[in-house]
Amino acid sequence: MEKDIKFFTNGKRIDGRAIDELRNIKIEVGVFKRADGSSYIEWGGNKIYCAVYGPREAYPRFLQKSDRAILKCRYNMASFAVEERKRPGPSRRGVEIGKVTQGALEPALLLENFPKCMVEVNIEVIQADAGTRCAGITAASVALANAGIPMKELVPACAAGKVDDKIVLDLCKEEDNYGQADLPLALLPRRNEFSLLQMDGDLSEEQLEEALDLGRKGCLEVYEIQKEALKKKYVKEDVSNE
Ligand code: ADP
């Protein structure tokens, strides 16, 4: 829904960013003792936890695949995550986001290594501020690495969009609510292919190309932040000179 809102002032966006600038992102790896892998992400005003279990025997058994593990992704938003208290429990939106998260992550995992097993990803949104599916996918892929699930690559995600006829990166809440288009993307960086591409709103063919290019650039920046978070967890400082 468009609204009469001033999206740009002296070339800067509502929150002071340039059109191609991400919000601040901070990722922590291994935040829960009891899950096999976990992460926490702060992305602008979004605060999201992710816990991974598995690979373990798939249950109920009729879900088992003889040639690979199945990936289950659950996305949940806390009642207090949004301005108006959200009704607790499953929602259509949550089911949809769980499904697209699974689709975004699956091509990056070596699920064929674990027949009849399942890998479970739980995403808990504690505070939402637009772009939670991208932040959730980004956090989940780091938590999967933390769980030691064999992967071909990490999966960074990020949205591009259109406000005031301009293509911008990583929509903030006002831009998401009142802008003209929202394009959440997840990237398989080594293959240079998108594993998530959704679109809400209108874009011309040229604008779509521009949004995909900008979104790819954003995903590659997110990818660096993911790698840094994992390095911080696993790479010890060089102590050979001590
Ligand atoms: P995403 O979080 O991936 O951008 P949406 O486009 O569906 O997904 O939601 C945009 C934003 O709208 C969310 O990040 C959240 O801030 C807000 N939102 C989503 N669901 C609700 C809800 N039930 N009540 C209030 N705000 C919501």
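Rule-based calculations on the coordinates, nothing more; no lab input. No experiment lies behind these values; they were computed from the predicted model shown. Please note: Cβ atoms are built from the backbone with ideal geometry, for glycine as well, and neighbour counts cover all protein chains shown.
Amide H contacts for F194 (H built 1.01 Å from N in the peptide plane; partners 5 or more residues away or on another chain; cut-off under 5 Å): L188. Averaging Cα coordinates gives a centre for the stretch 117-132 and one for the stretch 192-208; these two points are 23 Å apart. Residues L144, L188 in ascending order of nearby Cβ atoms (within 10 Å, fewest first): L188, L144.
Each part gets one Cα centre, and for the stretch 1-65 versus the stretch 158-181 those centres are 17 Å apart.
Here the residues K33, K152, ranked from fewest to most Cβ neighbours within 10 Å of their Cβ, fall in the order K33, K152. Annotation: amide H-H contacts under 5 Å for A159 (H modelled 1.01 Å from N, sequence separation of 5 or more, or interchain): D170, L171, L185. For the stretch 1-96, the Cβ-based charge dipole about the Cα centre amounts to some 360 debye (Lys, Arg positive; Asp, Glu negative; other atoms uncharged). Ordered by the number of other Cβ atoms lying within 10 Å of each residue's own Cβ, fewest first, M199, M77 fall into the sequence M199, M77. Under the simplified labelling scheme, the I126-S204 pair shows an inter-label distance of 4.5 nm, with each label point 7 Å from Cα along Cα→Cβ.
Which net charge results for the neighbourhood of P107, defined as the other residues with beta-carbon distances under 13 angstrom from its beta-carbon, given Lys and Arg at +1 and Asp and Glu at -1? Charge balance near P107 sits at 0.
A cut-off under 15 angstrom between Cβ atoms defines the neighbours of R13, and their net charge, with Lys, Arg +1 and Asp, Glu -1, is -4.
Straight-line reach from K227: which lysines have Cα under 26 Å away, leaving out those fewer than 8 places along the same chain? Reachable lysines: K26, K33, K47, K72, K99, K152, K217, K236.
Which of D170, D200, D129 ends up with the largest GNM mean-square fluctuation for the chain, with Cα atoms connected below 10 Å? Comparing D170, D200, D129 in a Gaussian network model of the chain, the most mobile one is D200. Note that the stretch 85-101 has calculated 3J(HN,Hα) couplings of 3, 8, 4, x, x, x, 9, 4, 4, x, 5, 4, 5, x, 5, 6, 5 Hz, one per residue in order, obtained from phi through the Karplus relation 6.51 cos²θ - 1.76 cosθ + 1.60 (θ = phi - 60°); glycine and proline are x. With a sphere of radius 12 Å drawn around the Cβ of Q198, what net charge do the other residues whose Cβ falls strictly inside it have (Lys, Arg +1; Asp, Glu -1)? Counting the neighbours of Q198, the net charge comes to -1. With N counted as the residues of the chain, its alpha-carbon radius of gyration over 2.2 N^0.38 Å works out to 1.04.
In this structure the amide hydrogen of C117, modeled in the peptide plane, comes within under 5 Å of the amide hydrogens of A58, K65, A69, I70, none closer than 5 places in sequence on its chain.
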